[in-house]
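Colleague: My questions all concern the structure below.
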Amino acid sequence: MKWIAWTDTTIDATSLVLMTELAALCRKTDRCSLSFPGLKEAGQDAVHFFAAFEGAVCAGAMAAYLVPSSSADPRRVYSYEITAFVHPDYRRRGIFRALMELFLQKEGLRWKSPDVGAQNI
C-alpha cells in the first residue's frame, strides 16, 4: 500500500479523478450522499487531499477543508470538515485511521487534542 498526502496546489488531475471515482463507488455501494470536493470549493480557505493507493486502485481518499468557525471563541479561527471514503474491498485494514493520522500530523494535532472532536471520528 502506498500512502500519499497532497495539498490543493499539488494534486494532479489523474489522482483527483481516481479519488472522485472512489467516492462514486462508495456512494453507490453504501447508499450515502456525501460528496467529494474539487480543488477549490467556494468559500473554502484550503482543501487538503490524502489518499492511499495500491497499484492503480485508490483504496481510500480523504478531503479535509477549512471553514470559518461560527464560534465566538477567539481560539478558533476555523474548523475542519472532512469527507473520507474507503474502497469496499479495502475496509477494516486501517486505511481511514492512517489517512486521519496524516491529516492530524499535517495540522499538528493529536487524537486527544481538544480541537479534534472524538465523537465525529
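Colleague: Sorted by accessible area (1.4 Å probe), largest first, how do Lys106, Lys28, Lys2 line up?
Modeller: Heavy-atom accessible area, descending, gives Lys28, Lys2, Lys106.
Colleague: Label-point separation (nm) for Met1 and Val57, each offset 7 Å from Cα along Cα-to-Cβ?
Modeller: Reported label-point gap for Met1 and Val57 is 1.2 nm.
Colleague: Something else about it: What is the distance, in nm, between label points placed 7 Å from the Cα along the Cα-to-Cβ direction at Ala98 and at Leu34?
Modeller: About 1.8 nm, to one decimal.
Colleague: Please give the FRET efficiency for Gln105 paired with Ala24, using the beta carbon to beta carbon distance and R0 = 25 Å, rounded to the nearest 0.05.
Modeller: 0.35
The values are calculated or read from the model by the stated rules, or taken from the named source; none is laboratory data. Only a predicted model underlies this, so the values are computations on that prediction, with no experimental measurement involved. Positions of Cβ are backbone-derived with ideal geometry, glycine not excepted, and every protein chain shown enters the neighbour counts. The protein model used for the area step is the full one, side chains on, heavy atoms only, and it has no ligands, DNA or RNA in it. Shrake-Rupley method; radii C 1.70, N 1.55, O 1.52, S 1.80 Å.
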